[in-house]
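Encoded as structure tokens, the structure appears first; notes follow it.
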Amino acid sequence: SNFKSIYLSIMKNTSTVKSTLLFILLSLISCSTDEKNKTSDKPNIILIYLDDLGYGDVSAYNSGTLQTPNMDKLANEGIKFTNGYASSATCSPSRYALLTGTYPWRNSEAKIITGGSLIIDTTEITIPKLLKKNGYQTGIVGKWHLGLGSGKIDYNTTISPGPNQVGFDYSHIMADTQDRVPAVYIENGNVVNLDPNDPIEVNFSMNRERKNYGLPTGLKNPELTTMKWHHGHNGSIINGVPRIGFMKGGEKARWSDIDMADYFLNKAKEYIEKKKEEPFFLYYSLQQPHVPRTPHPRFEGTSGMGPRGDVILEADWCIGELYKTLESEGLLENTLIILSSDNGPVLNDGYYDDAVEKLGDHTPAGVLRGGKYSLFEAGTKVPFMAYWKGKIAPNVSEKIISQIDILNSISKIVGSDYQSADGKDLSDLILKNEGNGRNELILEATTRTAYRNGDWTMIPPYKGPAINDKVNIELGSSKEFQLYNLKDDPSQLNNLAKSQPEKLKEMLSDFVKIRGKNFSTVDNLFLE
Ligand code: NG6
Ligand code: CA
């Protein structure tokens, strides 16, 4: 080869030739370090996103009864945020905000989806789209829940638009949630294992005559269920689990609930193994611990807390396996991992599954008030951590960070100029624990909004129940203004709205500046 002949000719040495050799060698070395630096400018990025995992469900956040060593490793050896927020207290709006860097209340369609259309406009900038423009391969494995198609979805053709139309080169998803039909996986728009002779039909209409539509239902045939429904979830029974909605056909395509964790993990691992040569972005979106909680038998009984605890341990194991894959592929030093959850915890979300009965001393929300669906802290304050071996030093940060900041931060990290209007570039905070977090943040829960600024949080008055009795969670709605100082009162027990009228006024006015005046269901707000 060329190298060999240069080498050999040089070996017939004179001292000038020797120094030339040295020069060539040095430039080769420096060139290869350049190459390396280049790749670490574009690290692989993995977003691990859990579904309904609470602030107190990770032992790094709440050293209690449930042990999550693999998530703890990322939190303790990376940066652990103790004021990290999902944008919303439910799934679809949070996921919309995560991928677009835009507040979900700006998009009237960003509400919990049940068989609905794609809520991201195909012209919107998303994390995968931005990364694709910057030379990344982009994949999603797991729960989507951002809608598919436009109008009625035909599951028997290639479904579009979906993840592949908003920036993902590769997608292997479940459409909405594990408790909704159709219980099938969809790869790049096509239902996996679909038999054309057994087409899938789905409907979610609660008015129609359900008794004879599709598979037996939880409503009519509760004796066929192995998991009992508590509220909602009385539609088609699949694998003994009654779901939201009704389904016909697609028998060979139906997923196995107990294998779902392994299934998605394997797809995620395969993706990494296939794409490792070039920078990749993987959105690994786990289904746990959302209902129905169906741990693989390997995890049954492992937490002593019933299926909810078991699937958290299962998810933690999956995260450990993913980590091992990165390690054995030699990718850890060049991979940024961000882990968070789409909203806070809930125990009974529609099935009798012992989540309440076997909870014991575990506190899924830690000391926080509320839970999923709530404007109180536990609705949106979630585990939030970033890990990059050799790059991010172990740190705990109390700075405020939101999932809408991930897009802007990633944009900066990969050298792009794009910044969404609502998000902040917090890349220095994430990578170096430097600089400030956010000062302020709008929080959302089922279309209601609240405002955090510094140590304070303000919830304007809302009509509607204070508690959702079915799930037994305080929603944060009250006819009174609420004002809390989170530093002194992280559990939001002392409403200071009456004793601190000046602070309330200031908070309200700052809130309205971002949110606009149309934010409350109570009309008699004394806005100036
Ligand atoms: C609710 C479901 C709940 C859960 C939620 C979505 C009923 C009564 N409740 O409508 O079980 O599926 O939607 O959760 O059907 S989320 O985490 O995806 O937002
Ligand atoms: Ca969720």
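The rows are residues; the columns are (1) open to solvent by 20 Å² or more (accessible area, probe 1.4 Å); (2) within 16 Å of ligand 2 (Cβ to nearest atom); (3) within 20 Å of the chain's Cα centre (by Cα).
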{"residue": "V367", "(1), (2), (3)": "yes, no, no"}
{"residue": "K372", "(1), (2), (3)": "no, yes, yes"}
{"residue": "T380", "(1), (2), (3)": "no, yes, yes"}
{"residue": "E398", "(1), (2), (3)": "yes, no, no"}
{"residue": "I406", "(1), (2), (3)": "no, no, yes"}
{"residue": "I410", "(1), (2), (3)": "no, no, yes"}
{"residue": "V414", "(1), (2), (3)": "no, no, no"}
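Checking each residue in the stretch 156-174 for being open to solvent by 10 Å² or more (accessible area, probe 1.4 Å) and touching a residue at least 12 places away in the same chain (Cβ under 8 Å) picks out N156, T158, I159, S160, P161, N164, Q165, D169, Y170.
Looking only at the stretch 118-125, decide whether some residue is touching a residue at least 24 places away in the same chain (Cβ under 8 Å) and within 16 Å of ligand 2 (Cβ to nearest atom).
Taking the stretch 118-125 and keeping what is touching a residue at least 24 places away in the same chain (Cβ under 8 Å), we get 118-120, 122, 124-125.
Right, trim to within 16 Å of ligand 2 (Cβ to nearest atom) and you get 119.
There is at least one residue in the stretch 118-125 that is touching a residue at least 24 places away in the same chain (Cβ under 8 Å) and within 16 Å of ligand 2 (Cβ to nearest atom).
Of all the residues in the stretch 288-337, those that are open to solvent by 10 Å² or more (accessible area, probe 1.4 Å), within 21 Å of H172 (Cβ to Cβ) and touching a residue at least 60 places away in the same chain (Cβ under 8 Å) number 5.
Scanning the stretch 375-418 for residues that are within 16 Å of I127 (Cα to Cα) and free of Cβ contacts under 8 Å to residues at least 60 places away in the same chain returns S409, K412, D417.
Cβ separations smaller than 7 Å between residues 6+ apart or across chains give the following pairs from the stretch 51-74 residues that are free of Cβ contacts under 8 Å to residues at least 60 places away in the same chain to residues that are within 16 Å of ligand 2 (Cβ to nearest atom): D72/V58.
Could you please let me know if I153 is surrounded by fewer than 24 Cβ atoms within 10 Å (Cβ to Cβ), within 16 Å of ligand 1 (Cβ to nearest atom), in a loop (DSSP other than H, G, I, E, B) and not aromatic (F, W, Y)? Walk me through it before giving the result.
Details: surrounded by fewer than 24 Cβ atoms within 10 Å (Cβ to Cβ): yes; within 16 Å of ligand 1 (Cβ to nearest atom): no; in a loop (DSSP other than H, G, I, E, B): yes; not aromatic (F, W, Y): yes.
Here the answer is no, as I153 does not meet what is asked.
Checking each residue in the stretch 298-316 for being more than 15 Å from M71 (Cβ to Cβ) and either at pLDDT below 95 or hydroxyl-bearing (S, T, Y) (or both) picks out only T302.
In the set D349, D353, D361, which member is within 15 Å of ligand 2 (Cβ to nearest atom) and within 23 Å of T302 (Cα to Cα)? First the steps, then the outcome.
Working: D353 fails: within 15 Å of ligand 2 (Cβ to nearest atom); D361 fails: within 15 Å of ligand 2 (Cβ to nearest atom).
Unique residue meeting the criteria: D349.
Checking each residue in the stretch 90-106 for being among the hydroxyl-bearing types (S, T, Y) and within 13 Å of ligand 1 (Cβ to nearest atom) picks out T90, S92, S94, Y96. Screening A110 on (1) touching a residue at least 60 places away in the same chain (Cβ under 8 Å); (2) more than 14 Å from the chain's Cα centre (by Cα); (3) open to solvent by less than 10 Å² (accessible area, probe 1.4 Å); (4) within 16 Å of ligand 2 (Cβ to nearest atom) shows it passes everything except condition (1). Can you work out which of the residues in the stretch 114-142 that are touching an Asp or Glu at 6+ places or on another chain (Cβ under 6 Å) and not hydroxyl-bearing (S, T, Y) is least open to solvent (accessible area, probe 1.4 Å)? Filtering first and then ranking leaves I119.
Limited to the stretch 462-487, what total is found for residues that are of a type in the set (G, A, S) and on the phi > 0 side of the Ramachandran plot? Don't jump to the end; show me each part of the working.
Of all residues in the stretch 462-487, those of a type in the set (G, A, S) come to 464, 466, 476-478.
Next cut, on the phi > 0 side of the Ramachandran plot only: 464, 476.
Count: 2.
Where strands (runs of 3 or more DSSP E) sit wholly within the stretch 159-228, those with at least 3 residues that are within 26 Å of the chain's Cα centre (by Cα) occupy 170-174, 185-187. Step by step: first the residues of the stretch 175-197, then only those that are open to solvent by 30 Å² or more (accessible area, probe 1.4 Å) and among the acidic types (D, E), then the one that is nearest to S236 (Cα to Cα). Which residue is that? The selected residue is D195.
With within 16 Å of ligand 2 (Cβ to nearest atom) and surrounded by 23 or more Cβ atoms within 10 Å (Cβ to Cβ) as the only criterion, which of T90, T68 stands out?
Working: T68 fails: within 16 Å of ligand 2 (Cβ to nearest atom).
Criteria check complete, one pass: T90.
Looking only at residues in the stretch 238-250 that are under 20 Å from P307 (Cβ atoms) and open to solvent by 20 Å² or more (accessible area, probe 1.4 Å), the one that is farthest from ligand 1 (Cβ to nearest atom) is N239.
When the helices (runs of 4 or more DSSP H) confined to the stretch 306-418 are screened for residues that are away from ligand 1 (no atom under 15 Å from the Cβ) and of a type in the set (F, W, Y), those reaching at least 1 such residues are found at 307-328.
Among helices (runs of 4 or more DSSP H) lying entirely in the stretch 1-114, which contain 3 or more residues that are in contact with a helix residue (DSSP H, G or I) (Cβ under 9 Å, 6 or more places away or on another chain) and modelled with pLDDT under 95? Walk me through how you get there before you give the answer.
Values: elements: 2-11, 15-41, 69-77, 91-100.
It comes to 2-11, 15-41.
Matching residues to (1) at pLDDT 95 or above; (2) farther than 26 Å from R95 by Cβ:
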site	(1), (2)
G437	yes, no
E440	yes, no
L443	yes, no
T447	no, no
N453	yes, no
L483	yes, yes
N494	yes, yes
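The values are calculated or read from the model by the stated rules, or taken from the named source; none is laboratory data. None of the values given here were measured: they were computed from a predicted structure. All Cβ positions, even for glycine, are placed from backbone atoms using ideal geometry, and neighbour counts span all protein chains on display. Keep in mind that these areas ignore ligands, DNA and RNA; they rest on the heavy atoms of the full protein, side chains included. Shrake-Rupley method; radii C 1.70, N 1.55, O 1.52, S 1.80 Å.
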